[in-house]
């Protein structure tokens, strides 16, 4: 059981080439990538809205698409549920009608099933309203109710929170997790937001300009993205081209820095990454330390973001900044060895 | 006062809009579905021509087709004993050809404005194409289609040039209101022409206004 796809499609600026396999895995699978990287195209290929140039797609052992056997199932026959970014509720139908039209059953059953989903999504009171009168969050719930009512074998969520404001977003993420737990099929979630993907997905695929640059269990990928593009997309702010000097020494020319490593430095390393939160303020120079000339200091509600002249980002919680640092910018930042990401330019092997 | 032009005009415009309305919608759907971009552009140009050319040019081409000695005209005459040129049918034909681009363009615009994601949503939910068209696309496109229908109807009602060319100006048979106005003015009967003018203004205004009211009411899915 599960989804398997291996497809290729030439798009305007990039060639999408992606392999996804959820067979034998539980939970939500995420696809992370910047806009235009091909992640929505991937979902649309599965749904049948877009036709790949080459490849194969199968869902629960049913072949949906295959260029070798010339299989190309109609969208209607694929049973791939798609939650659109703008929800795509039918504006001329009430919420109840929107849900009922998606149910494949007899008329009497339809109304019963619709009741169930209206209840599940807490939409009972809104069932006779038109979508235009619903808030963004309510529309999302209605769209989710509708897609679940169609009983798809895979549920695909395309940037489900991008149209919502920050407060609502967090609330709905929690709600969504609860609802999705009751769904038995595969779930694919596409987003450019690393917090969303980290919070919601058990496994992720990272796409960069149409190519797969990382995949695996979410936490493992975030801990060791391995590739520059993957590091950047998982939110690593400090990435510097680097050169191996010896088995335990590497150089980052852009930061004017040599790093001594306990770990052996891999041969194919082309860059190192260090997440902005992991830099440690220190009062005096030492090994693996950066002398800081502070260029910009930005204050967020709970965090200070500071950028040095070399372009290194440092983030520190306000609490630490107020109490431990007494609101003084440190002269040096130490790079803890265990936080250093060894990175390559390309995916290999 | 001869009121036959009023009747002929209303009959002509009604018959013409029946044809134009459905043909315009069907052709619009068809053109949208064409994938080759250059074929689409060319076809769109040809279908729009009657709108931008002088009606007499359209009339000229039509006469070329349906004259008794011409292929289409000959075919109808030999097999059905129907003479299209200079008959009431010709007034309808002229109105259809001239008003068609308005209907076609409005319908096409209305269909293309429907959010394609709604169609995809319908398809991924498993709705048949038929259901998607009637329950999703049509309700969305209806206001645009109706206003196209109003434009096409009033244009058909006001058709003059092509009608004069292929149907002539036969009193009681092919003399529509616009032709009657022209004839009366030419004969110096300004008063009779004036009556016809007020009738055509009133009918047109009534229809445009009435349809707008319906469209406004239908629109509100809130």
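Of note:
- Where strands (runs of 3 or more DSSP E) fall entirely within the stretch A:265-306, those with at least 2 residues that are over 18 Å from residue A:241 (Cβ atoms) are at A:280-282, A:289-291, A:294-299.
- Members of the stretch B:127-143 that are more than 9 Å from chain A (Cβ to nearest Cβ) and in contact with a helix residue (DSSP H, G or I) (Cβ under 6 Å, 6 or more places away or on another chain): B:132, B:141, B:143
- Residues being buried (at least 17 other Cβ atoms within 10 Å of the Cβ) and more than 17 Å from residue B:95 (Cβ to Cβ) - total across the stretch B:169-194: 4
- Of residues in the stretch A:102-124 being at pLDDT 90 or above and outside any helix (DSSP H, G or I), the one nearest to the other protein chains (Cβ to nearest Cβ): A:102
- Screening residue A:82 against (1) more than 8 Å from chain B (Cβ to nearest Cβ); (2) in contact (Cβ under 8 Å) with a residue 40 or more places away in the chain; (3) within 25 Å of residue A:206 (Cβ to Cβ) leaves a single unmet condition, (1).
- The stretch A:53-78 - residue that is out of contact with any strand residue (DSSP E or B) (no Cβ under 7 Å at 6 or more places or on another chain) and within 14 Å of chain B (Cβ to nearest Cβ) and, of those, farthest from residue A:184 (Cα to Cα): A:74
- Meeting the requirement of 1 or more residues that are away from chain A (no Cβ under 14 Å) and either modelled with pLDDT of 95 or more or within 18 Å of residue B:152 (Cα to Cα) (or both), the helices (runs of 4 or more DSSP H) wholly within the stretch B:41-126 are B:55-66, B:88-113.
- You will find that of A:116, A:84, the residue that is assigned by TED's automatic domain parsing to the domain that holds residue A:187 and closer than 25 Å to residue A:64 by Cβ is A:84 and no other.
- Residues in the stretch B:11-41 that are free of Cβ contacts under 8 Å to residues at least 40 places away in the same chain and farther than 25 Å from residue B:134 by Cα: B:36, B:37, B:38, B:39, B:41.
- Each residue in the stretch A:221-260 was checked for being crowded, with 17+ Cβ neighbours inside 10 Å and at pLDDT below 90, and 2 of them qualify.
- Of A:270, A:218, all but one fail to be within 26 Å of residue A:14 (Cα to Cα), surrounded by fewer than 18 Cβ atoms within 10 Å (Cβ to Cβ) and in contact with a strand residue (DSSP E or B) (Cβ under 6 Å, 6 or more places away or on another chain); the exception is A:270.
- Filtering B:146, B:157 for residues that are under 15 Å from residue B:100 (Cα atoms) and either within 11 Å of another protein chain (Cβ to nearest Cβ) or surrounded by fewer than 23 Cβ atoms within 10 Å (Cβ to Cβ) (or both) leaves a single hit, B:146.
- Number of the condition not met by residue A:291 [criteria: (1) closer than 21 Å to residue A:226 by Cβ; (2) modelled with pLDDT under 90]: (1)
- Checklist (1) within 10 Å of chain B (Cβ to nearest Cβ); (2) farther than 13 Å from residue A:7 by Cβ applied to residue A:44, failing item: (2)
The values are calculated or read from the model by the stated rules, or taken from the named source; none is laboratory data. In this text the structure is predicted, and so the values were computed from the model without any measurement. Cβ: placed from backbone, ideal geometry, glycine included. Neighbour counts: every protein chain shown.
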